[in-house]
Amino acid sequence: MSTDRYNANDAEARWQKIWDEAKIFNTSTEIEQSKNPYYVLEMFPYPSGRIHVGHVRNYTMGDVVARYKRAKGCDVLHPMGWDAFGMPAENAAMKNNTHPKSWTYENIASMRKQLKSMGLSLDWSREFATCDVEYYHKQQQMFVDFLDAGLIYRKNAKVNWDPVDMTVLANEQVIDGKGWRSGAEVEQRDLTQWFMKITDYSEDLLSALDELDGWPEKVRLMQKNWIGRSEGMRVKFEMSEQVGDFTNLEVFTTRHDTIFGASFLAIAADHPLSLELAEQNAELANFNAECRKIGTSAAAIETAEKHGFNTGLTVKHPITGTPLPIYVANFVLMDYGTGAVFGCPAHDQRDLDFARKYELTVTPVVLPTGENPDAFYVQNEAYVGEGTLFNSDFLDGMSIDDAKEAMAKKLEALKFEGTPQAERQVNYKLRDWGISRQRYWGCPIPVIHCDDCGPLPVPKENLPVILPEDINFDKPGNPLDRHPTWREVDCPKCGKAAKRETDTMDTFVDSSWYFARFTKPEADTPTEPSIANHWLPVDQYIGGIEHAILHLLYSRFFTRAMQKTGHLDLKEPFKGLFTQGMVVHETYKNDSGWLSPDEVSISEKDGKRIAVHIDTGAEVKIGGIEKMSKSKRNTIDPDDIIAAYGADTARWFVLSDSPPDRDVIWTEAGVEGAHRFTQKVWRTMGEIAALGAQHQPIDNGQLSDWALELRKHIHQTVEKIDEMLNTLKFNSAVAQIHSTANQVDAAIKKAKSSKANDHDLNALLESGRIVVQMFAPMMPHLGEECWQELKCEGLVSTTPWPEIDKALTVVDSVTMPIQINGKKKAMLELPINADEAIIKEKVLALEVVQTALGGNEPKKLIIVPKRIVNVVV
RNA sequence: GCCCUCUUGGCGAAAUUGGUAUACGCAACAGACUUAAAAUCUGUGGGUCGAAAGACCGUGCCGGUUCAAGUCCGGCAGAGGGCACCA
């Protein structure tokens with residue numbers, strides 16, 4: 001027995017070694033050995049060099065799930081890898097004259113060591129990095145398959161160009177008009193790029209969201225909005241005169257009910273008609289160039305005035321035949337719908353602004369309920385609400401929905417040059433995913449460009465296309481472009497000299513299928529389908545909300561694409577998704593700038609917290625609680641915490657304070673509290689061990705009252721913790737274990753102060769054992785240490801979840817609050833199955849109730865079995 | 001501008017999904033042990049009034065539904081997040 005302080009550093013290293021040597025967390029690769037598969041995965045880290053507390057929180061949560069599910073009898077797959085391609089490696093190479101490869105692998109080595117010090121129950125035998133040739137080789141194989149399947153194509157497109165990172169960005173990577181990494185204002189450039197046909201799956205990606213009930217509603221909604229489905233019509237407007245091949249203009253609208261309110265047509269500056277007209281019209285050419293210059297940033301859009309250029313051309317209104325002027329307008333987007341719209345100023349704010357500026361007619365056609373049609377007019381605010389159609393010929397008197405349907409039928413029936421005037425159409429905001437990046441440190445796109453044969457995929461037998469290592473970063477841009485020999489290659493078709501593609505893939509491609517690779521990381525093909533199908537979908541995926549759209553949408557698309565190309569047979573990669581909150585910390589500042597927490601000492605005076613500089617003693621300003629960042633210097637290094645308190649303390653703390661999906665505030669006091677608990681548990685288990693009890697079956701009939709109560713409490717707690725861990729309510733589980741530990745302490749006191757029989761002591765030992773089993777997924781090293789102290793068999797890490805004695809979890813009586821007129825006035829202990837007549841009798845006999853009734857019958861008596869009684873007087 | 005989420009003690013939070021509001025922890029205060037401190041243990045702890053028993057008020061604000069509202073409905077305010085010239 002030991003009442004010494006628990007030495008976490010010593011114990012943790014010891015148990016990690018034991019787990020590692022016994023390989024207890026390695027998952028069998030034999031498919032038939034996993035009858036009850038459970039795949040838990042945390043989003044793999046980018047190897048930046050050091051883990052941060054956000055990682056600690058993320059990986060601890062996943063580890064608790066993994067260890068808990070293992071104890072519940074699942075065959076758990078819990079792998080780890082590295083999202084290892086990307087810009088920072090190149091930036092470091094340029095800055096420090098290192099090679100991206102060595103920089104990356106060195107970072108991986110140090111982060112692996114850090115993760116191992118956390119005692120995570122990972123299957124390290126499956127580890128890989130996306131920059132491993134074996135991994136990107138398989139990715140290139142899939143690229144070729146996707147290309148064959150028509151899922152990848154090449155097009156010249158206007159792309160988002162990041163002038164700082166000197167690369168193209170996907171739409172999803174442009175945030176407020178700025179590059180997601182560099183923060184630089186994004187420019188528009190014309191480039192020929194490779195695209196993945198994610199839009200083929202727009203409808204499927206959208207509708208399948210409804211079935212992802214293991215996902216947070218918030219994420220589903222964000223993806224729904226991002227995909228942006230809208231139902232409308234494509235309507236042809238006949239031009240009054242032909243221009244080139246144009247006899248009509250086609251627009252997309254969702255408000256065909258308001259077509260009688262149309263007063264102009266507007267087309268994008270890049271619309272083919274606008275370009276054609278500009279060839280003869282220098283003024284228009286100028287205007288188009290101006291439009292292109294206007295950025296896509298939020299600021300630019302907000303301040304950009306509506307500009308239009310009157311082409312002098314007109315179209316005929318499809319019903320009335322009235323001529324409507326055609327404008328080229330800066331607010332019309334070429335890449336949505338048809339790049340042309342009809343303007344209905346009365347019912348669209350943007351159209352109204354435009355109409356007022358160019359003095360176009362404003363005809364209201366939707367009348368708000370209760371308004372007088374003769375008195376209703378639109379001034380400077382468009383009316384976009386519900387109402388009844390008017391000024392609209394055959395639509396008059398209809399609701400908006402009815403009018404849409406009537407107009408749709410009418411236009412579909414009309415013919416224009418032999419085809420219907422209009423067709424119903426569904427549009428999506430989702431764009432195809434541009435994956436070409438002009439970077440070195442990424443997966444090479446396996447394509448060869450031949451002057452005669454065009455772009456051709458590298459034949460699979462010639463894969464992988466390996467990144468050359470002899471490169472330099474003297475100049476900005478892609479060093480692959482400047483490599484003396486790497487590009488030179490023979491055309492796989494005609495054999496003539498040809499050139500390799502030098503673009504590499506967006507790193508989001510790498511992370512779109514790694515979860516599938518983990519199921520068999522040594523396979524010669526990207527996946528071994530039968531094994532991947534066995535493990536997938538991931539049962540519980542855990543990561544940050546910042547990936548709600550990018551990574552999670554790409555992965556959903558990729559899974560479908562892999563299904564189409566035979567690499568998998570499922571659509572949705574992640575059955576359960578959990579998005580954890582950030583770890584935040586107070587900030588400190590003095591005149592010279594931000595201070596790190598270890599430069600500051602905090603004390604309390606008159607209820608106010610005061611911070612002073614640890615060296616100078618000068619007062620320091622306590623700032624807001626913010627996301628940990630290097631710039632604010634409010635970061636905490638997990639290594640320091642583990643060295644000072646141990647991994648279990650860090651794990652317990654990140655689980656304890658806040659619900660896991662909310663931000664958690666890192667406080668020194670909180671960590672100390674967590675550490676205190678580890679010591680307390682160690683002492684408690686030491687005391688139990690000293691009682692000399694035996695691991696033997698317990699006869700409830702032989703127990704003293706307090707011991708029976710303890711056993712009941714413990715067995716009921718197992719059920720609660722079960723529920724909490726299943727629903728990832730770690731903070732509640734921590735609270736419950738605290739409370740239970742207090743009960744055990746109280747029971748030890750009872751055992752010492754009263755005559756405890758052997759059964760009592762055995763029950764106490766059992767309680768200790770079960771408490772250990774309940775907290776072991778969260779504090780695994782302390783768990784093993786206590787397990788050993790209690791002389792339990794084997795390792796707690798491989799021991800099944802405690803069996804509960806059902807007889808003890810049956811609750812036979814309940815203390816019910818008795819309310820009078822909804823206010824609690826008394827408590828009454830009743831048998832759990834007491835029938836209402838008995839309850840009524842007992843309640844009415846209560847003195848408070850008698851007084852309140854004053855001899856009258858209650859007006860109402862509400863009895864909710866097992867819950868509450870309310871007497872209404 | 002549009003969409004969404006959140007708001008409970010000094011602080012992080014809990015509340016069986018409409019049924020005892022504030023569990024558990026942190027910080028605080030008081031006591032025990034100690035020469036002393038640390039560590040540990042015990043106790044107190046929403047507000048107002050009261051010596052006490054107790055009474056009244058109380059989950060951002062206003063209103064509603066209900067025997068009963070932190071929880072449901074309507075409105076308002078504040079904080080956070082997503083999208084954004086999407087026709």
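What the table shows:
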read-out	value
Rounded accessible area per residue of region A:1-63, 1.4 Å, Å²	48 Å²
Calculated Rg and Dmax of region A:629-765 using C-alpha coordinates, Å	18.4, 64
Inverse mean reciprocal Cα-Cα distance (Kirkwood Rh) of region A:545-673, Å	17.8 Å
Nearest-0.05 FRET efficiency for residue A:569 and residue A:208, computed from C-beta distance (R0 22 Å)	0.90
Volume per residue of the C-alpha convex hull in region A:136-259, rounded to whole Å³	219 Å³
Rg ratio (alpha-carbon, reference 2.2 N^0.38 Å) - region A:327-369	1.26
Cα shape, region A:447-598, gyration tensor, a/c 1.5 rule	oblate
Built amide H within the under 5 Å cut-off of residue A:568, gap 5+	A:563
Long-range HN-HN contacts of residue A:665 with modeled amide H, under 5 Å	A:584
Global size of region A:770-842 as Cα Rg and Dmax, reported in angstrom	21.1, 57
Solvent-accessible area per residue for region A:495-574 (1.4 angstrom probe, square angstrom)	27 Å²
Difference of contour (0.36 nm per residue) and Cα-Cα distance, residue A:286 to residue A:493	70.0 nm
Å² per residue, accessible surface of region A:403-448 at 1.4 Å	37 Å²
In region A:759-857, trypsin sites (Lys or Arg not before Pro) in a DSSP loop with at most 15 other beta-carbon atoms within 10 Å	A:791
Length released on extending from residue A:619 to residue A:798, taking residue separation times 0.36 nm less the Cα-Cα span	59.3 nm
Ordering of A:44-50, A:420-426 by burial proxy (mean other Cβ atoms within 10 Å per residue, highest first)	A:44-50, A:420-426
Long-range HN-HN contacts of residue A:315 with modeled amide H, under 5 Å	A:240, A:324, A:326
Rg(Cα)/(2.2 N^0.38 Å) for chain A, N = residue count	1.20
Counted charge near residue A:307, where neighbours are those whose Cβ lies closer than 10 Å (Asp, Glu -1; Lys, Arg +1)	0
Carbon/sulfur fraction of accessible area - chain A, other protein chains in place, 1.4 Å, %	48 percent
Distance-filtered residues of region A:432-462 - backbone nitrogen under 20 Å, label point 7 angstrom along residue A:524 Cα→Cβ	A:458-462
Charge sum, other residues only, whose C-beta stays under 10 Å from residue A:201's C-beta, Lys/Arg counted +1 and Asp/Glu -1	+2
Rotationally averaged projected area of region A:641-712 (alpha carbon convex hull; nm²)	7.4 nm²
Summed side-chain charge close to residue A:114 - residues other than residue A:114 whose Cβ falls under 9 Å, Lys, Arg +1, Asp, Glu -1	+3
Per-residue [θ]222 nm for chain A (sum of -39500 (n - 2.57) over DSSP H runs n ≥ 4, rounded to 500)	-11000 deg cm²/dmol
DSSP bridge orientation in region A:517-631 - percent antiparallel, rounded to nearest 5	75 percent
Once the Cα gyration tensor of region A:403-461 is diagonalised, semi-axes √(5λ) in Å	47, 18, 9
Whole-Hz ³J(HN,Hα) from phi, Karplus 6.51 cos²θ - 1.76 cosθ + 1.60, for region A:268-275, glycine and proline x	6, 4, 8, 4, x, 5, 5, 5
FRET efficiency for residue A:72 and residue A:275, using Cβ-Cβ distance with R0 set to 60 Å, rounded to 0.05	0.40
Candidate lysines - alpha carbon under 18 Å from residue A:158, same-chain residues fewer than 8 apart omitted	A:178, A:197, A:293, A:429
Length-normalised contact order for chain A - Cα pairs under 8 Å, 6+ apart - percent	14 percent
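The values are calculated or read from the model by the stated rules, or taken from the named source; none is laboratory data. Only a predicted model underlies this, so the values are computations on that prediction, with no experimental measurement involved. Cβ atoms come from the backbone with ideal geometry, glycine included; neighbour counts cover every protein chain shown. Only protein heavy atoms, including side chains, enter the accessible area calculation; ligands, DNA and RNA are left aside. Shrake-Rupley method; radii C 1.70, N 1.55, O 1.52, S 1.80 Å.
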